[in-house]
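The numbers here are math on the coordinates, done by the rules we state, and not lab data. What you are looking at is a predicted structure, and each value in this text was computed from that prediction instead of being measured. Neighbour counts run over all protein chains shown; Cβ positions are idealised from the backbone, glycine included.
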Amino acid sequence: MEGISVKAYAKINFSLDITGCRGGYHLIDSVVASIDIFDEVTVSPRTDGAFTIAMHGMGCENIPPEGNNALRAAKAFGAAFGCCGADISIRKNIPVGAGLGGSSADVAGVLNALSRMTGRGGFGQLKAIADGIGSDCGYMLGGGFARLTGRGERVCPISCNSTFYLLIALPGGGVSTAACYALSDVYPAHRRTSEGVQRAILRGQPHELGASLSNGLYPAAAVILPEIRDALSSLSALGCCGVNMSGSGSAVYALFADEASRNSALKNYRGSFPVVAAQTIL
């Protein structure tokens with residue numbers, strides 16, 4: 001067997017409605033899309049059944065292996081399919097702790113790469129492993145535009161041929177997803193927009209989409225990290241279609257009608273937070 005390299009893409013939440021709780025988990029209704037920021041995942045075969053992992057970039061070099069979900073996914077793959085083991089290398093480009101799905105993307109990337117390397121594991125089998133690691137890991141296996149319900153494990157693809165252009169601001173410091181969900185019970189957001197977001201995406205209408213953006217975790221995340229509110233305010237001044245937070249933060253983004261408008265806003269941005277340009281991908 002030869003080594004395999006894959007790209008593991010980040011995601012953005014256009015909506016994130018909190019719809020209830022079940023079994024100790026919050027239930028969501030969220031419209032998401034893949035964006036053109038990705039980690040590079042490489043797996044190389046071993047013969048002793050062991051799995052190792054090395055992380056590079058974005059300050060992730062010191063993440064302990066025992067807390068690494070990508071390594072957990074690899075070991076689960078090995079247990080399910082009798083894999084001979086692998087050395088895993090992940091080059092991080094997705095900001096850590098930003099709500100862009102970096103950890104889940106790495107889980108999906110490792111599973112996809114191991115499946116290609118070994119010729120084992122159909123999509124349903126891989127998704128079962130991914131769902132056992134994290135709620136949106138199963139979505140990350142295929143990515144694209146989708147609507148996620150339940151804990152995020154129920155994935156309904158959305159057919160879309162449009163591209164949406166984003167400017168993403170990255171306040172310093174991450175937000176604990178668990179803490180943010182817990183605090184959302186104290187600071188709830190009652191606006192639910194996933195249905196409207198999906199309609200706007202199907203129509204390819206960025207202005208309609210911008211008016212529908214929402215995130216039920218934003219009030220809680222802004223309490224945990226007030227810089228999120230400041231970053232959102234700085235993006236709002238750029239003449240965009242709308243602004244929102246992704247996941248549980250800390251990344252926030254502005255949506256633009258076209259690439260030229262986004263690039264012009266990037267040149268004119270004078271905020272204090274780092275920003276990156278991105279766009280949705282299929």
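Counting only Cβ charges, +1 for Lys and Arg and -1 for Asp and Glu, the dipole size of region 152-282 around its Cα centre is about 160 debye. Taking every DSSP bridge with both residues inside the chain, close to 90 percent are antiparallel. As a proxy for reagent exposure, 92, 75 were ordered by neighbouring Cβ count within 10 angstrom, fewest first; the result is 75, 92.
Packing, taken as the mean count of other beta carbons within 10 Å per residue, orders the peptides 107-118, 218-229 from highest to lowest as 107-118, 218-229. With the Kirkwood sum run over all distinct C-alpha pairs, region 4-156 has a hydrodynamic radius of 15.5 Å. What value, in deg cm²/dmol to 500, does the helix sum -39500 (n - 2.57) over DSSP H runs of n ≥ 4 give at 222 nm once divided by the residues of the chain? Estimated from H runs of four or more residues: -10000 deg cm²/dmol. Partner aspartates and glutamates whose Cα lies under 14 Å from the Cα of residue 127, excluding those fewer than 8 positions away in the same chain, are identified as 106, 136, 153. The computed mean projected area of the Cα convex hull in nm² for the structure shown corresponds, within (i) 16.7; (ii) 20.9; (iii) 14.1, to (iii). How far is the Cα center of region 82-112 from the Cα center of region 257-282, in Å? The two parts, judged by their Cα centres, are 26 Å apart. Of 9, 78, 52, which is farthest towards the positive pole of region 4-156's charge dipole, taken about the Cα centre with +1 and -1 on the beta-carbons of Lys, Arg and Asp, Glu respectively? It is 78, whose Cα lies furthest towards the positive end. Please determine, in degrees from 0 to 90 and to the nearest 10, the orientation of helix 102-118 with respect to the longest principal axis defined by the Cα atoms of the chain, where the helix direction is its Cα long axis. Its long axis makes an angle of about 30 degrees. Note on the chain: GNM, Cα springs under 10 Å; of 264, 234, 250, the largest mean-square fluctuation is that of 264.
Counting only alpha carbon atoms, the long axis of helix 123-133 and the longest principal axis of the chain meet at about 70°. Once the C-beta distance of residue 52 and residue 151 is scaled by a Förster radius of 30 Å, the resulting FRET efficiency is 0.50 to the nearest 0.05.
Evaluate the Kirkwood expression for the hydrodynamic radius of region 159-279, namely the inverse of the mean inverse distance over all pairs of different C-alpha atoms, and round to one decimal in Å. Result for region 159-279 stands at 14.7 Å.
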